[in-house]
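Working notes, structure below.
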Amino acid sequence: MKSRIIYFLMFFVAASCLISACSEEFLDRPPLGSISENALANENGVNGSLLVAYRALQGNQIGNWYTSPNNWLWGGVRSDDAYKGTEALDQATEINPVERFEVLPSSPSTTNKWRAIYDGIGMANITIRLLEKAADIPADRRSNILAQARFIRGFLHMEAAKNFKNVAFVDETVITTEQYRAIVNTQNIYPKIEEDLKFAMDNLPNTQPQIGRINKWGAMAFLAKAHLYQNKYAEAKALFDQLIANGTTSNGTKYGLEAEFRNVFRGEFENGKEIIFSIQYTVGDGTGGANSNKELELTNPHNNGPVGCCGFYQPAQSLVNAYKTSGGLPLIDTYNQVNVKNHESNPNDFPDRGQLDPRLDYTVGRIGVTYKDYGIAAATWIRQLANGGPWLPNKHIQWRDEVGPFFVPGSWGQGQLGKNQIVMRYADLLLMAAEAEVEVGSLAKAQEYVNTVRARAKGSTVVTNAAGVPEANYQIELYPGIWTDKDAARKAVRFERYLELAMEGHRFYDLVRWGTVGPVMTAFLAKESPIRTHLAGADFQTGKDEYLPIPEFVVNQGAGNIQQNPGY
């Protein structure tokens, strides 16, 4: 059995802070300490530096929340997936302006996201510089290390572009204060992102000695995603075709869907055949929670629910409505006209037992319905109904039987979550491939990919009560016949992403790249604000709110070379 990469090497964490980017200042060159790059320019030093670069994907290194690529705030709460949840005054400065599209360049959460991204880029660049100086590493291992470091750098630059758009590409040659100040953010960095990801794809092996390290196929998947984000459908399709035919996980298992939808999010399957790339987290490893999934720890049901803290990231009514079906198919154009009943709106007639996609009750917690292996979800699990709404997060919450290996109690009630953060999985890839097929390929092939995802959901075990009775009239069917209408096919593919990938941090970015975020969020705010009054007066401004502002300190230190995003 292969070992698992663990991102914990305190010596190298300390060393990297001495020689790299563990500074609050984007353009300041950190002072050299007692450990120099030359002292680490050997195989042990390079490997340790690479582990630090992997660990930077967690975002934990800057000591703040909302920094990792799980993006529950940036891709979830900013979209029609979810509300902030919790109560109005909790994390009010950090989250409330984000949810209401009132974020400023000085907002702390935005600043932390930027710092975590570029700190990780700096760590990847240190690895590349150390590798150039190290003479004791054989060619094959040298190529593998460089490809991993360049993947991390390309991945994080794409994370920057998704969130901030007008960003600078920083490579390993940028070291001095003068070089940093010469950087501009007015050039499209996607060609350089593609260069890094393609280098990784071309130079990584099919398998890796440790689970969690990126392999050739994972790099190819993110290169295809980068193409898709630029509407380069033909280039993306060519790679998706290869991935679907031949792609394997880092331990050599052929990509595929797990038989059960719920198992994708179970700790037992966290490095299984559906996982293309995930960020590794652990608990009980002697680090006191340093390697736990801190951001998702905030999202557990509150009070007497599982863990008891902290109630963030509650699903939106609009999302729940999307799971209504008729004849087993989604109501793509009319799903939001009538709400799924809940204990807030229908206190004498809940939960809703109507026709629902069975994925709903593994994605969202409904009061009065069985919740994982905890029994019936109770209204007391919701921290503040008026602010957070009547629904609970579900998909990423630990099961009771995962306590111990994947979850341990925390210092002040929030708990420590050791389950990995899925960044890309095979169902996501199939639906991206379906998008490419709609635009430049075969509508029949797009339908096949969508139906593959739906078939897994149809064949999965449904949620039942203690007597074994299904908790709703679960109905899901495959799309019949052969798709011939391109516009209808496009809508079906996009809606399937909404259903399959809900609460996984993708939704806002999908809406932006499709060019539909303005009308979708305007309609969402109009529907939701009469119920969730904390959204009253919130306004999505097209041409501004698709991206976050460049943090104030970055613009100030940029010597006129860093331009603020439009509208800020």
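The values are calculated or read from the model by the stated rules, or taken from the named source; none is laboratory data. Quantities reported herein were computed from a predicted structural model and do not represent experimental measurements. Glycine gets a Cβ as well: all are built from the backbone with ideal geometry, and neighbour counts include every protein chain shown. We work out accessible area using only protein heavy atoms, side chains counted, and drop any ligands, DNA or RNA first. Shrake-Rupley method; radii C 1.70, N 1.55, O 1.52, S 1.80 Å.
A few notes on this one:
- Single unsatisfied condition, Glu172 versus (1) open to solvent by less than 50 Å² (accessible area, probe 1.4 Å); (2) over 25 Å from Gly45 (Cβ atoms); (3) not polar (S, T, N, Q): (2)
- Unique residue being buried (at least 21 other Cβ atoms within 10 Å of the Cβ) and among the aliphatic types (A, V, I, L, M) when the list is Ala234, Ala219, Ala238, Ala245: Ala219
Residue-wise test of (1) at pLDDT 95 or above; (2) open to solvent by 10 Å² or more (accessible area, probe 1.4 Å); (3) touching a Pro at 6+ places or on another chain (Cβ under 7 Å); (4) not in a loop (DSSP other than H, G, I, E, B).
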{"site": "Leu32", "(1), (2), (3), (4)": "no, yes, no, no"}
{"site": "Ala39", "(1), (2), (3), (4)": "no, yes, no, yes"}
{"site": "Gln61", "(1), (2), (3), (4)": "no, yes, no, yes"}
{"site": "Trp65", "(1), (2), (3), (4)": "no, yes, no, no"}
{"site": "Pro69", "(1), (2), (3), (4)": "no, yes, no, no"}
{"site": "Gly76", "(1), (2), (3), (4)": "yes, no, no, yes"}
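- When the residues of the range 283-294 are filtered to those that are within 20 Å of Trp72 (Cβ to Cβ) and open to solvent by 10 Å² or more (accessible area, probe 1.4 Å), the one that is nearest to the chain's Cα centre (by Cα) is Lys294.
- Within the range 470-487, not a single residue is within 30 Å of Asn71 (Cα to Cα), crowded, with 24+ Cβ neighbours inside 10 Å, modelled with pLDDT of 95 or more and of a type in the set (Asp, Glu).
Condition check ((1) touching a strand residue (DSSP E or B) at 6+ places or on another chain (Cβ under 8 Å); (2) over 19 Å from Pro470 (Cβ atoms); (3) surrounded by fewer than 16 Cβ atoms within 10 Å (Cβ to Cβ)) across all residues:
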{"residue": "Asp357", "(1), (2), (3)": "yes, no, no"}
{"residue": "Tyr362", "(1), (2), (3)": "no, no, no"}
{"residue": "Arg366", "(1), (2), (3)": "yes, no, no"}
{"residue": "Val369", "(1), (2), (3)": "yes, no, no"}
{"residue": "Ala377", "(1), (2), (3)": "yes, no, no"}
{"residue": "Gly389", "(1), (2), (3)": "yes, yes, no"}
{"residue": "Arg400", "(1), (2), (3)": "no, yes, yes"}
{"residue": "Pro409", "(1), (2), (3)": "yes, yes, yes"}
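- Residues located in the range 261-308, provided they are within 21 Å of Ala427 (Cβ to Cβ), part of a helix (DSSP H, G or I) and among the charged types (D, E, K, R): Arg262, Glu268
- Qualifying residue in the range 533-555 (condition: open to solvent by 60 Å² or more (accessible area, probe 1.4 Å), at pLDDT 95 or above and not in a loop (DSSP other than H, G, I, E, B)): yes
- Within the range 436-462, the residues that satisfy the criterion of being under 24 Å from Gly272 (Cβ atoms) and open to solvent by 10 Å² or more (accessible area, probe 1.4 Å) are Glu448, Tyr449, Asn451, Thr452, Ala455, Arg456, Lys458, Gly459, Ser460, Thr461, Val462.
- A single entry from Val493, Val462 fulfils the requirement of being in contact (Cβ under 8 Å) with a residue 24 or more places away in the chain and closer than 30 Å to Ala234 by Cα: Val493.
- Complete set of residues in the range 340-355 that are of a type outside the set (D, E, K, R) and more than 15 Å from Val469 (Cα to Cα): Val340, Asn342, His343, Ser345, Asn346, Pro347, Asn348, Phe350
- Exclusive hit being closer than 20 Å to Ile126 by Cα and part of a helix (DSSP H, G or I), set Glu159, Glu172: Glu159
- Scope the range 320-334; condition within 22 Å of Gly368 (Cα to Cα), in contact with a strand residue (DSSP E or B) (Cβ under 7 Å, 6 or more places away or on another chain) and either open to solvent by 20 Å² or more (accessible area, probe 1.4 Å) or not in a loop (DSSP other than H, G, I, E, B) (or both); matching residues: Val320, Lys324, Thr325
- Subset of the range 469-493 [over 20 Å from Gly354 (Cβ atoms) and part of a loop (DSSP other than H, G, I, E, B)]: Leu478, Tyr479, Pro480, Gly481, Ile482, Trp483, Thr484, Asp485
- Within the range 133-147, residues that are open to solvent by less than 30 Å² (accessible area, probe 1.4 Å) sit with their Cβ atoms under 8 Å from residues that are of a type in the set (Phe, Trp, Tyr), at 6+ positions apart or across chains, in these pairs: Ala147/Phe199.
- Selection from the range 258-302 of residues that are among the acidic types (Asp, Glu) and modelled with pLDDT under 95: Asp285, Glu295, Glu297
- The single residue among Ile137, Ile121, Ile145, Ile117 that is assigned to a helix (DSSP H, G or I), over 18 Å from Val170 (Cβ atoms), among the aliphatic types (A, V, I, L, M) and out of contact with any Ser or Thr (no Cβ under 6 Å at 6 or more places or on another chain) turns out to be Ile145.
- Residue satisfying condition, being under 25 Å from the mean Cα position of the chain (by Cα), modelled with pLDDT of 95 or more, farther than 23 Å from Thr86 by Cβ and of a type outside the set (A, V, I, L, M), within set Tyr362, Tyr426, Tyr371: Tyr426
- Just one of the numbered conditions (1) open to solvent by less than 40 Å² (accessible area, probe 1.4 Å); (2) closer than 21 Å to Gly154 by Cβ is not true of Asn206: (1).
- Flag if Arg150 is of a type in the set (D, E, K, R), in a helix (DSSP H, G or I) and farther than 29 Å from Gly256 by Cα: no
- Some residue of the range 56-73 being farther than 25 Å from Leu417 by Cβ and in contact with a helix residue (DSSP H, G or I) (Cβ under 6 Å, 6 or more places away or on another chain): no
- Qualifying residue in the range 496-510 (condition: over 26 Å from Ser442 (Cα atoms) and surrounded by fewer than 19 Cβ atoms within 10 Å (Cβ to Cβ)): no
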